[in-house]
Amino acid sequence: MNRSPLHDLHARHGARFVDFGGWEMPVRYASVIAEHRAVRSSAGLFDVTHLGRFRLGGSGARPALDRLLSNDLARIEPGKTQYTMILNDEGGIVDDLIVWWRSADEYWVLPNAANHDRVMAAFSEEPGCEIEDLRPTTVMVALQGPEAIAAFERVLGAAPGRFRTADAMFAGHEVQMAGTGYTGERGGEICINTESADQLVTALVETGVTLCGLGARDTLRLEAGLPLWGADIDETTTPLEAGLGYAVALDHDFVGREALATQKASGITRRLVGFVMEGRGVPRHGYGVRTASGGGSVTSGNISPVLDTGVGLAYVSPPPRLGEAIEVEIRTRMVPATIVKPPFYKR
Amino acid sequence: MQVPEDLLYTDEHEWIKRVSDTVVRLGITDYAQDQLGDVVYVELPEVGSDVAKDDILVEVESTKSVGEVYAPFTGKIKAVNQAVVDAPELVNQSPYDGAWFVELEFEGVFPLEGLLDAAAYQELTE
């Protein structure tokens, strides 16, 4: 089992650990809901060292990014980040990831933890790509919430703009940042050398930032309507079905483009949609969904701590309309719910 | 972890309190609520329903998982605690007082078999 270099710090703060794809990471310190609320009301810090990350350079970098990724870097510029996907030939989502375009010829690619090796391998097969795996030498933390930017400035003297990259110095080392996250809040993610990580997190905690586990990260991302690879999206689902068409640029050539163009022309037969429970009950992955004209299954569900009601994402076929009344099969009961457009909570 | 001396326990992390000659009150232990994390949903049986030993009595869900409480013996549901349905966080805040789930009436002799005293339960959780 891999361990974050922050493992001792987590243990000192009473973390409960759980296996996240081969990484023993904090799932909570005390209360998932209290940690969730801290991120919505002030600022929270997550150790996300398990996330994939590698540096990509060389003359082949840009052609490889263009060929392998669904989104088009021509839509942004150096110093910005982009949400994108790597697809298979059928248009299925091999991974959804973020690219930090740090400078003209330096890209950081951030796959999901479970897909780090696979995505890095795909790029290493492209000609002219120079790859440096950043996971063994760095710690990554996410600082999120309405007070996150102020915390960045207090401790690092700089804060990343929304969807922008930035650099700062801490304890004599350069740290890399981006204004990204997975909670629906302002804030960013910080990559720091392993030796300085404990000191950085301790400094952030001393300024009042709440340590949060990956349990709260999951309820936050769900409330923000953000899909999770492996639960809501995977190789068998396409970006069009998942409502991620905004991260697909069909006007450039990439792996999976043809399949998506065909699907776009013929129309999708199922759609990942959001729903809010109208009756009592907590929707969970795998529960059935019934609509007037069809049905489907829940891919993510939980209580929304802010709304204090059950919310979820489900694939439904045929795609339902907004406001449609549906039923979720919670064990033996059919519980009413309503189709809504995520996010369930928006700042 | 609190394990009150005056209660009996099951190896499924339930506590049982004798409230009369024929009725017990039942909930889950401090250890169980700590393992579950934030409880967000509780489903109780109907008053007057009959339950057999090992039937699912109560459904308890936290942010991370779904748990069940089983009937420790056969009986009839005498009362349920609506307060814990309305405020599931009581299970975390007050597992032995505010968050009792049901009162279960049994026939005949109090079925002690398989129940643990505080010391034995404490040992189980260590």
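The values are calculated or read from the model by the stated rules, or taken from the named source; none is laboratory data. Keep in mind the model is a prediction, meaning the values are calculated, not measured. Positions of Cβ are generated from backbone atoms using ideal geometry, with glycine treated the same way; all protein chains shown enter the neighbour counts. Ligands, DNA and RNA are stripped out before the accessible areas are found, and what is left, the full protein with its side chains, is counted by its heavy atoms. Shrake-Rupley method; radii C 1.70, N 1.55, O 1.52, S 1.80 Å.
Computed quantities for the displayed model
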| quantity | calculated |
| --- | --- |
| Cut-off under 5 Å, modelled amide H: who pairs with A:Ser304 long-range | A:Thr309, A:Gly310, A:Val311 |
| Residue-level accessible surface for A:His173, protein heavy atoms, 1.4 Å, Å² | 80 |
| Hz values of 3J(HN,Hα) by residue in the stretch B:112-120 - Karplus curve (6.51, -1.76, 1.60), Gly and Pro given as x | 6, 4, x, 7, 10, 8, 4, 5, 5 |
| Ranked packing of A:310-319, B:113-122, most packed first, by mean Cβ within 10 Å | A:310-319, B:113-122 |
| Average partner coverage of A:4-15, which counts Cβ from other chains inside 10 Å | 0 |
| List B:Thr22, A:Thr180, A:Thr332, ordered by accessible area with a 1.4 Å probe, largest first | A:Thr332, B:Thr22, A:Thr180 |
| Intensity falloff of the stretch A:269-340 expressed as log10 I(q)/I(0), Debye formula with alpha-carbon point scatterers, at q = 0.12, 0.17, 0.21, 0.26 Å⁻¹ | -0.24, -0.48, -0.75, -1.17 |
| Given A:Lys264/A:Lys346; B:Lys17/B:Lys53; B:Lys17/B:Lys64, the pairs whose alpha carbons are separated by over 22 Å | A:Lys264/A:Lys346; B:Lys17/B:Lys64 |
| Rounded accessible area of A:Phe163 (nearest 10 Å², 1.4 Å probe) | 110 |
| Solvent-accessible ranking of A:Ile268, B:Ile28, largest area first, probe 1.4 Å | A:Ile268, B:Ile28 |
| Residue-wise HN-Hα coupling along the stretch A:285-299, computed from phi with Karplus coefficients 6.51, -1.76, 1.60 (Hz; x: Gly, Pro) | 3, x, 5, x, 10, 10, 10, 4, 10, x, x, x, 8, 6, 9 |
| Probe 1.4 Å, protein heavy atoms only - accessible area per residue of chain A in square angstrom | 40 |
| Area buried, chain B against chain A - accessible surface, total, 1.4 angstrom probe, square angstrom | 1300 |
| Alpha-carbon Rg/Rh ratio, for the stretch A:196-347, with Rh computed the Kirkwood way | 1.06 |
| Cα-Cα pairs of the stretch A:241-299 separated by more than 13 Å (percent) | 71 |
| List A:Trp23, A:Trp108, ordered by accessible area with a 1.4 Å probe, largest first | A:Trp23, A:Trp108 |
| Cα gyration tensor category, rounded, prolate or oblate, for chain A with a/c compared to 1.5 | oblate |
| ³J(HN,Hα) computed for each position of the stretch A:5-20 - Karplus, 6.51 cos²θ - 1.76 cosθ + 1.60, integer Hz, glycine/proline x | x, 8, 4, 5, 4, 4, 4, 4, 8, x, 5, 9, 9, 8, 7, 10 |
| Anisotropy class of the stretch A:1-102 from Cα gyration tensor, a/c 1.5 cut | prolate |
| Overall form of chain B per C-alpha gyration tensor (a/c, 1.5; a/b vs b/c) | oblate |
